[in-house]
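Read the figures in this text as sums done on the coordinates, not as results from a lab. Everything quoted here is computed from the prediction, not taken from an experiment.
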Amino acid sequence: MPSPNVINVALIGCGNITLQNHLPGLALCPDVKVVALCDTDPATLERARQQTGVTITSTRHEDIVRRADVHAVIIATPNISHAQIALDAIAHGKHVLCEKPLALNYADARAMAIAADRAGVRHMSAFTYRFVPAMRYLAHLAHRGDAGQIYHYRSCRLQDWGTRSLGWRQVKHLAGTGELGDMLSHRIDFAHLLVGPMSRLVANLKQWHPVRGGQPNDLDDWVALLAEFQNGATGVLESSKLASGRNESWRSLDSVELNGSERSFVFITGKWNELQTGKTGGPGLETIEIPREFWKWPGAPRDPAQGDPLVTFRYDQAWEFVDAIRNQRPCTPSFHDGARAQAVIDAAVQSAGTRQWVDLGDAPA
């Protein structure tokens, strides 16, 4: 007999992100069972069925979210469908973990957060890089005040994707934005986590390749923001898929730097277990190791010594989602964090179109 405490999860969207990130993470969580699969593409759905052995499948999310034996859903579909699937799942009382960007616009993202709060379900935005040990420790140090007053936030994400196909991610109708929503959204979330909300920004988007993999591409390959934060700090954020020779994933450049009145800190994803730091007026930066208590998310069953830690940190995300459901507490990061990032994405698109600064105001998330 199954345990009465088992949490049944449905995977909606069964592409690579689901199979590489979400599925292994769920497999590490005790008393969690994947009971249903959904994908609009029958071939993708069949591949996931064969890999998981799950027999309940559908190409319609409506068939899945109404099932009484489904307690939670993970949404990893094209961005255009995030809001509708999430709202339907919430209406049926399901807990929801949704890939980023949360929606195609701030209004939809905020509606998702409000609906989830009102329904009393757990809700989580998949800002996976929050689970990198070095980022967690950097956030701890920044919140403790080790940097002093924050002057500057700086992030740079450079990958070499050339002109290969990005699938639905190069179609504006399906994705909304390109590099801005795909990769820079993580760095926007970093900025909110480390520094706080932005007050205004100016942005530029650039598309170099109107054709990728033989198919039209109508979205940005590169994006940069210049931002001011509500606490007075300044920010510079850049992300590109066209940094030749930079490779991909953790092998490419992905850095975040904080400059404060007392110290600077530098985080690089490829260095999951270390940071660089230097005192004001000091001789330069030195390397510090990440304490072992930050090597995994609190309570996570993952063994940091097993597998490649530059891959396996992502599995802690599933634990946070499941543990929040089990203990009836808010998820970190939540839909509210996703909505805050979406407000910045919307402002960046507006700024790039008008070539002007855009005020973000105090819109709630």
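Miscellaneous remarks
- For Ser199, distant residues with modelled amide H under 5 Å away: Glu228, Phe229, Gln230
- In sequence order, the stretch 300-312 has phi-based couplings of 4, x, 5, 9, x, 7, 9, x, 7, x, 6, 10, 6 Hz under the Karplus curve 6.51 cos²θ - 1.76 cosθ + 1.60, θ = phi - 60°, and Gly or Pro positions carry x.
- Reciprocal mean inverse distance between Cα atoms of the stretch 69-225 - Kirkwood radius, Å: 17.4 Å
- Dimensions of the chain from C-alpha coordinates, computed as largest minus smallest value along each principal axis and given longest first, are 64, 46, 41 Å.
- Cα extents for the stretch 256-365 along the principal axes, largest to smallest and rounded to whole angstrom: 49, 48, 23.
- The stretch 157-194 and the stretch 60-117 have Cα centres separated by 21 Å.
- When the C-alpha to C-alpha distance is required to be over 25 Å, the pairs from Lys33/Lys172; Lys241/Lys296; Lys33/Lys296; Lys100/Lys206; Lys33/Lys241; Lys206/Lys279 that qualify are Lys33/Lys172; Lys241/Lys296; Lys33/Lys241; Lys206/Lys279.
- Its DSSP H runs of at least 4 residues, each contributing -39,500 (n - 2.57), put the calculated 222 nm mean residue ellipticity of the chain at -8500 deg cm²/dmol, to the nearest 500.
- As an equivalent ellipsoid, the stretch 7-128 spans semi-axes of 21, 15, 14 angstrom, where each value is the square root of five times an eigenvalue of the C-alpha gyration tensor, largest first.
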